[in-house]
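**Student:** The structure that follows is given in the form of structure tokens.
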Amino acid sequence: MQLVVARIGRAHGIKGEVTVEVRTDEPELRLGPGAVLATEPAAVGPLTIETGRVHSGRLLLRFEGVRDRTAAEALRNTLLIADVDPEQMPEEPDEYYDHQLMDLDVVLADGTEIGRITEISHLPSQDLFIVERPDGSEVMIPFVEEIVTGIDLEEQRAVIDPPPGLIDDSEAEVASSRDAETETRAAEEEN
């Protein structure tokens with residue numbers, strides 16, 4: 001199975017290094033020296049990582065055969081793709097690869113069906129499951145411990161305990177203190 005592990009950014013310096021937007025939780029495993037990665041577009045690769053280092057919080061890579069800024073800049077926006085054994089599990093017990101979570105059924109603790117995971121969106125603050133409901137609509141479920149209470153790969157399901165309003169808008173609660181004050185004033189005026 002192939003997974004996108006990074007996207008090449010702009011050139012850094014004049015010796016062929018590039019910045020990299022990491023898209024894996026295991027960069028030391030997937031983006032280490034000697035790793036051979038397929039690319040998208042395919043014509044650019046495969047690329048072999050020669051060196052890697054962190055500079056000002058960013059990962060910089062140099063690839064074999066890329067020796068100057070012009071060659072490095074030509075790689076900009078190229079996706080780096082690693083071959084991963086589909087049976088391989090992440091090192092941490094509560095971590096999952098995207099391909100393991102795709103197409104899982106999403107259910108409430110009582111077994112009520114919510115839908116099926118069709119996409120996983122990686123945002124800076126958290127990951128989101130994009131869940132297609134039986135009626136074709138979509139709902140976004142934050143992939144956080146408080147909401148996603150269990151993942152069962154054998155049963156192919158994710159169990160959730162959503163807060164009011166996440167799944168059904170009619171259950172939404174007033175969260176703004178301004179709205180609560182308005183409701184209090186309206187109740188007082190009625191009396």
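The values are calculated or read from the model by the stated rules, or taken from the named source; none is laboratory data. Values in this document were obtained by computation on a predicted structure and should not be read as measured data. So basically every Cβ, Gly included, is an ideal-geometry build from the backbone, and we count neighbours across all protein chains shown. Keep in mind that these areas ignore ligands, DNA and RNA; they rest on the heavy atoms of the full protein, side chains included. Shrake-Rupley method; radii C 1.70, N 1.55, O 1.52, S 1.80 Å.
**Student:** State whether the residues of region 60-70 include one that is open to solvent by 50 Å² or more (accessible area, probe 1.4 Å), under 30 Å from Val131 (Cα atoms) and either of a type in the set (A, V, I, L, M, F, W, C) or modelled with pLDDT of 85 or more (or both).
**Tutor:** For region 60-70, residues open to solvent by 50 Å² or more (accessible area, probe 1.4 Å), under 30 Å from Val131 (Cα atoms) and either of a type in the set (A, V, I, L, M, F, W, C) or modelled with pLDDT of 85 or more (or both): absent.
**Student:** Continuing with the same structure: What pairs come out if I take residues in region 76-105 that are open to solvent by less than 90 Å² (accessible area, probe 1.4 Å) and among the polar types (S, T, N, Q) and pair them with residues that are modelled with pLDDT of 75 or more and in a helix (DSSP H, G or I) whose C-beta lies under 8 Å away, six or more apart or interchain?
**Tutor:** Listed pairs, sorted by first residue: Thr78/Val44.
**Student:** So in region 1-59, with the set limited to residues that are farther than 18 Å from Val84 by Cβ and in a helix (DSSP H, G or I), which one is most open to solvent (accessible area, probe 1.4 Å)?
**Tutor:** Here the residue is Ala43.
**Student:** Are there any pairs with C-beta distances below 6 angstrom linking a residue in region 149-167 that is at pLDDT 90 or above to a residue that is of a type in the set (Ser, Thr, Tyr), with the two at least 6 apart or on different chains, and if so which?
**Tutor:** Val159/Thr149; Asp161/Thr149
**Student:** Check Glu40, Glu87, Glu26, Glu92 and return the single one that is within 22 Å of Glu119 (Cβ to Cβ), out of contact with any His (no Cβ under 9 Å at 6 or more places or on another chain) and at pLDDT below 85. Working first, answer last.
**Tutor:** Numbers: Glu40 fails: at pLDDT below 85; Glu87 fails: within 22 Å of Glu119 (Cβ to Cβ); Glu92 fails: within 22 Å of Glu119 (Cβ to Cβ).
It is Glu26.
**Student:** Taking region 109-156, which residues are within 14 Å of Ile167 (Cβ to Cβ) and in a loop (DSSP other than H, G, I, E, B)?
**Tutor:** The answer is Ala109, Asp110, Thr112, Arg133, Pro134, Asp135, Ser137, Ile147.
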